[in-house]
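What follows is a set of notes on a single structure, which appears directly below.
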Amino acid sequence: MSDQLETPLDMLVIQEMQLLLAEKRTALSTLRTGIAIFAFPLSVLSVLIATSKSYNLDDVMHWLVPLLLLNVALIVLAVYLIARAFRKIHHYDRLIDEYKRKHSRLASLLV
């Protein structure tokens, strides 16, 4: 009788763990997106610095200011996404550790 009660409970715990791991994967994908967004302004600025001898700053200032503002906005967005992803990843790690402490079967499945 107790085996029958443990099996649905075990399945519920495993399904909850699958949900937590899916949420953690989503947070990792947000982290990857934030890093990619952060890399774009850095590469644009690198190209601008590398080609700075090819143009006169006064002639391109009307293009440069909006571009720099856009880069700053992208950097802010990237930092937000990265910080948010780290917070969520640490939160899900704590929840997973808690589940592993409570359920020995999970501790044996997840290293």
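The values are calculated or read from the model by the stated rules, or taken from the named source; none is laboratory data. Please read these numbers as outputs of a predicted model, since none were measured by experiment. All Cβ positions, even for glycine, are placed from backbone atoms using ideal geometry, and neighbour counts span all protein chains on display.
Of the residues L9, L28, L5, the single one that is within 30 Å of V111 (Cβ to Cβ) and modelled with pLDDT of 95 or more is L28.
A single member of L69, L64 is assigned to a helix (DSSP H, G or I), hydrophobic (A, V, I, L, M, F, W, C) and within 29 Å of the chain's Cα centre (by Cα), and it is L69.
Note on region 44-57: residues that are surrounded by 11 or more Cβ atoms within 10 Å (Cβ to Cβ) and either hydroxyl-bearing (S, T, Y) or at pLDDT below 85 (or both) amount to 2. Here's a check for you: in region 61-111, which residue that is among the aromatic types (F, W, Y) and farther than 18 Å from S43 by Cα is surrounded by the most Cβ atoms within 10 Å (Cβ to Cβ)? In this case the residue turns out to be Y92. Of the residues making up region 45-89, those that are in contact with a helix residue (DSSP H, G or I) (Cβ under 7 Å, 6 or more places away or on another chain) and among the basic types (K, R) are R84, K88.
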